[in-house]
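Note sheet for the following structure.
The values are calculated or read from the model by the stated rules, or taken from the named source; none is laboratory data. All values reported here derive from a predicted model rather than from experimental measurement. All Cβ positions, even for glycine, are placed from backbone atoms using ideal geometry, and neighbour counts span all protein chains on display.
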């Protein structure tokens, strides 16, 4: 009988394995130099347009950096890639922690690559509010998909972003599309009342649910349910099949409580098992039906234009906030006002008004 503990996952680490003596020191030195070398914007652009995943990863790293020099190079790369983007379908996937998002995405991604599609997964991992660290373990969880030549997985930390969508996910989508990926999957950290940002950058919003966890009543609430184009009840296998079917009936009833969608699409509910892959084909069929309808009635392009406008305003807000906090004079005054507020010498509102007035004065002086 096979020992169940003998199975090794990607998390397994062998002990006592030393580096083989036959590795050339020259090769190690060469690889180290290559890793330290920073490619130019032109090299990154050419690599991305040629479908090079390494160039794509390096460009996304630049986009996510807060270093002004990195951001300047990233802007050049994004602007050059922009004409080659906008040629994919963008699928947002969310659900409560433990619903099996990573397992579902791997099964779904493998199904799509089996159809000849190129799939990019932008997975957002939660960041610790204490250490600000993030595990970024999606490549480990998706053991099969990560080895697929037609797939690309990029985990990013959510940081302090409300809703669990990384600050630069939007730019990463553009780079992935320019690299030739025709299906972009955006996985969020988990579902909550504030987690709606993914809806603003995806063409299709898929909500994963599980049966038997009180989810049926939660699903009737407004908020995230109103934005779902498809509800997929995962883990519909084994003894859970009957519960999943009952949950499907409950969710179908709850969907009728919501007003019709602007897209003309009637949201659907289906079941699947990411473990056995049952129902995965039906999920893709629902997506194809949605894209066929929205592209025919013009809603697909309309939504893309609305999203572009939304992200213009979001970028302006972000830049204003960054400029405000990175201003050295404001930083000094901010610390002074913080102490005054803590000691009840100044109200938070008055302190904020004073800071904004000083910040506004900097622009007035530049204009004069």
*Hey, among the residues in segment 79-101 that are crowded, with 22+ Cβ neighbours inside 10 Å and in a helix (DSSP H, G or I), which one's modelled with the lowest pLDDT?*
101
*Name the pairs whose Cβ atoms lie under 7 Å apart, with the first residue in segment 111-129 and at positive phi and not assigned by TED's automatic domain parsing to the domain that holds residue 279, the second at pLDDT 95 or above and surrounded by fewer than 17 Cβ atoms within 10 Å (Cβ to Cβ), and 6 or more positions between them or separate chains?*
none
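In segment 265-293, how many residues are more than 18 Å from residue 231 (Cβ to Cβ) and touching a helix residue (DSSP H, G or I) at 6+ places or on another chain (Cβ under 8 Å)?
Of segment 265-293, the ones more than 18 Å from residue 231 (Cβ to Cβ) are 275-277, 292.
Now restrict to residues that are touching a helix residue (DSSP H, G or I) at 6+ places or on another chain (Cβ under 8 Å): 275, 277.
So the count comes out to 2.
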*Looking at (1) surrounded by 13 or more Cβ atoms within 10 Å (Cβ to Cβ); (2) within 29 Å of residue 233 (Cα to Cα); (3) touching a helix residue (DSSP H, G or I) at 6+ places or on another chain (Cβ under 9 Å), which is the one condition that is false for residue 262?*
(1)
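Let me confirm something: among 290, 325, which residue is assigned by TED's automatic domain parsing to the domain that holds residue 173 and either assigned to a helix (DSSP H, G or I) or over 18 Å from residue 352 (Cα atoms) (or both)? Outline the logic, then answer.
Working: 325 fails: assigned by TED's automatic domain parsing to the domain that holds residue 173.
So the residue among 290, 325 that is assigned by TED's automatic domain parsing to the domain that holds residue 173 and either assigned to a helix (DSSP H, G or I) or over 18 Å from residue 352 (Cα atoms) (or both) is 290.
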*Those residues that are at pLDDT 80 or above and either surrounded by fewer than 22 Cβ atoms within 10 Å (Cβ to Cβ) or in a strand (DSSP E or B) (or both), I need them from segment 204-216; list them, please.*
204, 205, 206, 207, 208, 209, 210
